[in-house]
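Take a look at the structure set out below.
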Amino acid sequence: MEIFPEVKLRVRISTNDVHYAGNLVDGAHIMQLFGDVATELTIRYDGDEGLLRAYEKVEFLEPVHGGDFLEIVGKIVNVGNTSRKIIFEAYKIISSSKDKTQESACDVLAPPLLVAQAIGTAVVTKDKQRVKRTVIDSNDNEVFEAFNKIKSGEAKRMSQK
């Protein structure tokens, strides 16, 4: 069983990114951040930037304003010969407190607020795939037992004995 990479990108949204009245940032800016995450994922997985080819679904759930801090998370969830299906999520992690007496006051959001999510497909042509992978034989029980021990935390407990 192959474990696919996940990456996180943290950014502060600049007032230069504001597109609409009310200090509101357009969804296209978040899509650009999703693209940056897809690029890092394909570099980590294939050794090449690839190309974000399509989105199946995009949802903008909450407003994003200049000054907000976002954490963009992307994870490859499925791999074909040249395609990589990616799930994206954007979370607001810090927001202005909107305190008129203290303009620079901010609040750390706990839990973070999901502001956008998407499913996309990146493509890396065979000739650009620089990282070669070996397929694990599903009959190799020893490998899967070791993986499951690591996943469950049992391997850590075993090493403490």
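Observations, loosely collected:
- Around Leu113: net Lys/Arg minus Asp/Glu count, Cβ-Cβ under 12 Å: -4
- Cα pair count fraction exceeding 16 Å, expressed as % - the range 6-126: 60 percent
- Summing charges over neighbours of Gly66, with a neighbour being any other residue whose Cβ is under 12 Å away from its Cβ, gives -2 when K and R count +1 and D and E count -1.
- Relative contact order, whole percent, for the range 6-126 stands at 31, derived from Cα pairs under 8 Å and 6 or more residues apart.
- Across the range 29-38, computed HN-Hα scalar couplings (Karplus, 6.51 cos²θ - 1.76 cosθ + 1.60, θ = phi - 60°) run 5, 5, 4, 4, 5, 4, x, 5, 5, 4 Hz from first to last residue, x flagging Gly and Pro.
Rule-based calculations on the coordinates, nothing more; no lab input. Being a predicted model, the structure only gives us computed values, none of them experimental. Reconstructed Cβ throughout: ideal geometry from the backbone, glycine too, with neighbour counts over all protein chains shown.
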